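Down below is the structure, laid out as structure tokens.
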Amino acid sequence: MNTSNIAELAQRMDRAALEAQPVPQLSLQDTFTVAEAYAIQAASLAHRYARGEQLSGVKMGFTSQAKMAQMGVSDMIFGRLTDAMAIPNGGSLSMKALIHPRVEPELCFLVREPIDRELTAADWSQYIAGVAPALEIIDSRYENFQFSLEDVIADNCSSAAFVVGEWQAAETPVSKLRIAMEINGYVVQTGDSDAILGDPHAAVFAASRLAAQYGQVIPAGACIMAGAATAAVFLTPGTTVRVHVDSLGEAHFDVVD
Ligand code: OOG
Ligand code: MG
């Protein structure tokens, strides 16, 4: 795949998101590698930056068995989050600009110092400033929310929006925390924080490794989303979605038309 193919596919994915119009899976027509998929992702983000959006974080995907089983893929991926995707805690999300959005419960970590290499446990307090409960809204730009691993990487890992709760100290223990996601007060998914790679800290180390591998420095003040601990649930207008994470707190948003 040459650079003009990459640019063309990146523009197609950017436009699909911008116009909320689903497209057929790229892999049905083109054969491309994981590295080429990350090049398409980076080139599609360049369109967002050109419209004034700024990188505000990175996210991990498929860090739990529940997510891998739901989507039929078996490898970790990373994507980029921008300021335009951030919803304040308690804010609202309009379904209008989205195709078929789903929501999933996550943990989010706050970056203290720019990360340009793979971190290990010894780096924790120098590089990580906090942890918070979070919700991620994913909206695949592919028809029927179906994709291969390469497709979903090229689609910036279905990233659409995210909500982060109140920050807690980075040293707050995050192992074996009960996670519950509610819609209008009814619990729709429950999980355990250890469903995320056996330890959510491992998601931060994986994000640092993948970002370094694909040339993305994670800036100070950025968020690192650890990946969902449970399967995702379709959104419907007129509902309130809330996540509770034991000893960390909650985050919520309203879904509007
Ligand atoms: C891809 C994004 C996966 C996660 O937390 O595992 C993800 C998708 O499921 O559409 O965000
Ligand atoms: Mg996610």
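Throughout, read-outs are computed from the coordinates displayed, never taken from laboratory work. Keep in mind it's a predicted model, so treat the numbers as computed, not measured. Glycine gets a Cβ as well: all are built from the backbone with ideal geometry, and neighbour counts include every protein chain shown.
Below are the figures for this structure:
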item: Difference of contour (0.36 nm per residue) and Cα-Cα distance, E171 to A35; result: 45.6 nm
item: Test item: Cα-centred dipole of the chain, Lys/Arg +1 and Asp/Glu -1 on Cβ, debye; result: 180 debye
item: Viscosity 1.567 mPa s, temperature 4 °C, Stokes-Einstein D of the chain from Kirkwood C-alpha radius, µm²/s; result: 72 µm²/s
item: The stretch 46-124: radius of gyration over Cα atoms, expressed as a fraction of 2.2 N^0.38 Å; result: 1.31
item: Residue-by-residue Karplus 3J(HN,Hα) for the stretch 109-126, coefficients 6.51, -1.76, 1.60, Hz, glycine and proline x; result: 10, 9, 8, 8, 10, x, 10, 10, 7, 5, 8, 10, 3, 5, 8, 3, 5, 6
